[in-house]
Structures are given as C-alpha cells and as structure tokens.
Amino acid sequence: MAENQAALDRRIAVHRDDNGVVTVTIDRPEKKNALTFDMWRALAEAILAYGGDTATRAIVLRGAGRDFSAGADIGEFSELRGDAATARRYEAANSAAFAAIRNAHVPTIAAISGICFGGGLGIAAACDIRIATEDALFCVPAARLGLAYPVDAMQDIVHSAGIQMACYLAYSTDRLGAVDAKRAGFLLETVGDLAQLEARAAEIAGNIARNAPLSVRASKAAIRAVLSREPADVEQALELGNLTFGSDDYREGREAFRQKRPPRFEGR
C-alpha cells in the first residue's frame, strides 16, 4: 500500500517498512502536534486503512519533534466546538480516532515524548503498549476548559492507568510525570531521550512483527474480551483462537522449532 496521501496532506504522516511495521506520525510540531478537526479524521482514516491491511504487523504512533501531542487544537473550538451540536460533531471525530486505534487488528504502540495532553493522552491510552521518555508529561485538562472528556476515551484511561489515577487526572487536571505514569501502570517503561525512544519502539514493534500474525491477533482479541466482558468479544476471541490451530503458521512454528531455526510466518 502506498502512503495515504490524503492523510499526509492533513499532517498525519504514514510509513510502512519492509517488516510490516507502520509508523504514524502526528506532524505538526510547531503547534506541539495539536490536532485539528481534519487531522482527527485523517488519523482515523490512516489507522483504519493500515490497521486492517494484512501486510501490517504492528503500528507505532508518535509525534514529530519533541512532543507527542497537546491534544485537540483549542484555537478551533470557538468555531468548530462552540455549542452542543458542534461539540458533539467534534467529539465524534475524536472518538472515531480512538476507536480506530483501540480496534486495530494489530498491536499499537505509543512512543511518547514531551507533552501528552488531552486528546493526545486519549490517543496514547487507546494504544496497547506505551513507552515514554523520562521527561514526558501527561494531563487531562478538560475540567480546566469547562468540557467533559469523551466516555470512550475515559474508558481507555481507566483500563490503562487504573480507576484512581483516571479520577485524579480528570478531577485535578494536574500534570503527571513519566515516573508516576509508569508506577500507575500507564507506561510499560521509560527511556532517556528521543533517540532511545525511537529505537525501543522499533525494537518492540519488530519483535511483534516477527511473530505469527494470527496468534497476535487472537491474543489482542482475547485481551479485549477480558476487558469488555462482552459475549460478542468473547466469541470473536474464541473464533480467532481456533483459526490458529489449523493455520500454516502453526505448522511452520512446529517445523521451525524442530529444525532449530527462526520461523517464517505468512499470516495464514
């Protein structure tokens, strides 16, 4: 698949390497990667396009430059989020992006540096795995703006950081450092600087990409079923798990183990 030009034109840059690792970059560093309404829609489109492509094995989300994302561009709010009707439309675009990340068939990794506020934190919370530089800062400033945070995004924060931390972030609007975010379980790990962040994100994504895609997808579905407890999610997880038993990849995994060589998985 060629790069999504429409998304690229709207400050969402997408690149997939030869191993199937897709990097999605929020590319507006002059505004701390704050997302415009069009950028929210472009982000959802890019994740849907690449997350549903069988050639994709993992997705890394990052911000261009120093910051991950300052969230939604407040400069648009008077015009595009000025009353209940426009606010609902704007929130729908936010939720579509969060849902695309949350529901992607492949694992998603947030590589976070600098500011990760508001909708930016929502993007990170929707990912499966989060790593950050030691100077990263996290904040949910909705109450300082007089807004409510979307329910689905709050669900992601509760799942990723825990109930008490979600309450603290939402009620206080205080900034949380990377050390405390890791202690809360929101971050898998922290690294020293941007270069280390990029290297570690690439390492994690590369490790995932080398594994059997059907197995990884089944594991993601199983984790989702545990969190949601929805019968439909449980059923899907069972179906995806069953697909692995008769797959070529399962046969390849057994043969590679027998021959003491690295497996070559095709995703079928």
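Structure notes:
- The range 211-236, subset charged (D, E, K, R) and assigned to a helix (DSSP H, G or I), residue surrounded by the fewest Cβ atoms within 10 Å (Cβ to Cβ): 235
- Answer from 199, 181 - the residue that is assigned to a helix (DSSP H, G or I), surrounded by 20 or more Cβ atoms within 10 Å (Cβ to Cβ) and at negative phi: 181
- Any chance residue 149 is hydroxyl-bearing (Ser, Thr, Tyr), buried (at least 20 other Cβ atoms within 10 Å of the Cβ) and more than 13 Å from the chain's Cα centre (by Cα): yes
- Residue identified as in a helix (DSSP H, G or I), at pLDDT 90 or above and either in the same structural domain as residue 197 (by TED's automatic domain parsing) or surrounded by fewer than 21 Cβ atoms within 10 Å (Cβ to Cβ) (or both) among 8, 61, 43: 43
- Restricted to the range 237-262, and to residues there that are loosely packed, with under 14 Cβ neighbours inside 10 Å and not in a helix (DSSP H, G or I), the residue that is farthest from the chain's Cα centre (by Cα) is 260.
- Residue 110 being under 19 Å from the mean Cα position of the chain (by Cα), under 23 Å from residue 31 (Cα atoms) and modelled with pLDDT of 95 or more: yes
- Where a residue in the range 143-168 is more than 15 Å from residue 187 (Cα to Cα) and its partner, wherever it lies, is charged (D, E, K, R) and not in a loop (DSSP other than H, G, I, E, B), with Cβ under 6 Å and at least six apart: 150/91
The values are calculated or read from the model by the stated rules, or taken from the named source; none is laboratory data. Model, not experiment: these values are computed from the prediction. Note: ideal-geometry Cβ built from the backbone for every residue, glycine included; neighbour counts use all protein chains shown.
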